[in-house]
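Notes to accompany the following structure.
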Amino acid sequence: MKTVNGWLNIIQNWVYPPTCLLCGAPGERGLDLCGACERHLPRIGTACLHCGEPLPDGAPSPCGRCLQQPPPFDSCRAAFHYEEPIRHLIHGLKFDHRHACARTLGELTARHFREYAEPPDVIVPVPLHPSRYRERGFNQSLEIARHLSRNLNLPLELHACTRSRTTRPQAQLSAKERAKNIRGAFRLEREIEARHIAILDDVVTTGATVSELARTLRKTGIARIDVWAVARA
């Protein structure tokens with residue numbers, strides 16, 4: 001599989017040479033980003049080992065909030081702060097249907113998790129409700145996860161859990177409203193044959209969505225649930 005993907009990347013780069021999505025310069029290292037733009041990406045340094053909240057250098061981890069009320073997943077890690085230009089790439093995919101952004105975000109995220117995280121048995125992208133899928137035409141977390149999966153040679157699980165009811169957009173709500181809005185929004189369709197999974201989301205803000213999904217998946221007896229995200233707000 002790695003050999004096939006390697007040849008596909010060589011052919012793709014020959015036919016469509018990588019071009020920086022941010023400034024238009026030639027891409028480098030097989031990315032649609034130039035070296036200068038990649039170096040200025042807002043990477044996360046110190047973060048809470050449980051919730052992924054960015055912390056000042058030298059701050060203790062887990063954070064005080066996780067010590068008082070641990071999240072329903074085992075760990076959360078994001079590659080970047082939800083700041084420019086990562087926000088620009090995520091919005092380019094999510095709202096402008098620029099699917100080249102999914103490839104770039106997936107490859108950047110794969111490089112991060114290859115270095116900083118233990119590989120799970122399977123990756124579970126956060127599902128969209130069918131009505132939201134029809135409206136948008138795709139699931140941005142799934143599109144990023146496809147590239148992440150291919151780069152890390154990890155399987156995807158797409159059918160074990162579905163979004164069973166529509167919810168208001170989380171971005172419009174407070175932290176309390178987000179938790180209430182997403183409660184009971186996911187439904188198990190079948191058990192996942194894995195002991196260790198990683199939930200993949202594009203952006204984690206309060207963690208309400210990934211927490212609810214983790215609670216739902218935990219019912220199948222999964223031993224370890226990590227949350228992976230492109231960005232942490």
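Can you tell me, using C-alpha contacts under 8 Å and at least 6 residues apart, the relative contact order of the chain as a whole percent?
20
Amide H to amide H, which residues 5 or more places from Gly27 or on other chains are under 5 Å from it, using H placed in the peptide plane?
Amide H to amide H, under 5 Å and 5 or more residues apart or across chains, Gly27 pairs with Thr19, Cys20.
So what is the calculated 222 nm ellipticity per residue for the chain, using -39500 (n - 2.57) for each DSSP H run with n of 4 or more, over all residues, to the nearest 500 deg cm²/dmol?
-11000 deg cm²/dmol
What ranking, highest mean first, results for peptides 145-158, 205-218, 36-49, 165-178 when packing means the other Cβ atoms within 10 Å averaged over each residue?
Highest mean packing first, the order is 205-218, 145-158, 36-49, 165-178.
Helix 140-152 versus the longest principal axis of the chain: what is the Cα-based angle in degrees, 0 to 90, to the nearest 10?
For helix 140-152, the angle is close to 70 degrees.
Where is the GNM fluctuation largest for the chain (alpha-carbon springs, 10 angstrom cutoff): Gly52, Gly24, Gly184?
Gly24
Roughly speaking, what is the stretch gain from Ser164 to Asp96, that is 0.36 nm per residue apart minus the C-alpha to C-alpha distance, in nm to one decimal?
Result for the pair: 21.9 nm of gain on full extension.
Could you check how much of the accessible area of the chain is carbon and sulfur, as a whole percent, using a 1.4 Å probe?
52
Residue-wise, which Karplus ³J(HN,Hα) couplings in Hz belong to the stretch 35-41, taking 6.51 cos²θ - 1.76 cosθ + 1.60, θ = phi - 60°, and x for glycine or proline?
3J(HN,Hα) across the stretch 35-41, in whole Hz: x, 5, 5, 5, 5, 9, 5.
I'd like to compare 121-129, 27-35: which one has the highest average count of other Cβ atoms within 10 Å, and what's the full order after that?
121-129, 27-35
I'd like to compare 130-139, 86-95: which one has the highest average count of other Cβ atoms within 10 Å, and what's the full order after that?
Descending mean neighbour count gives 86-95, 130-139.
Provide the per residue accessible area, probe 1.4 Å, for the chain, rounded to a whole number of square angstrom.
Accessible area per residue: 52 Å².
Given H placed on each backbone N at 1.01 Å, which residues far from Ser164 in sequence or on other chains put an amide H within less than 5 Å of it?
Correct list: Phe186, Arg187.
Could you give me the ³J(HN,Hα) list for the stretch 79-96, computed from phi with Karplus coefficients 6.51, -1.76, 1.60 and θ = phi - 60°, whole Hz, x at Gly and Pro?
7, 9, 6, 7, 9, 5, x, 4, 4, 4, 5, 5, 5, x, 6, 5, 10, 10
Could you run the Karplus curve 6.51 cos²θ - 1.76 cosθ + 1.60 with θ = phi - 60° over the stretch 173-187 and give me ³J(HN,Hα) per residue in whole Hz, x for Gly and Pro?
Using θ = phi - 60°, the values come out as 10, 6, 4, 5, 5, 4, 4, 5, 4, 8, 4, x, 7, 10, 9 Hz.
The values are calculated or read from the model by the stated rules, or taken from the named source; none is laboratory data. No experiment lies behind these values; they were computed from the predicted model shown. Cβ sites come from the backbone with ideal geometry, for glycine too, and all protein chains shown count toward neighbours. All accessible areas refer to the heavy atoms of the entire protein, side chains included, with ligands and DNA or RNA removed. Shrake-Rupley method; radii C 1.70, N 1.55, O 1.52, S 1.80 Å.
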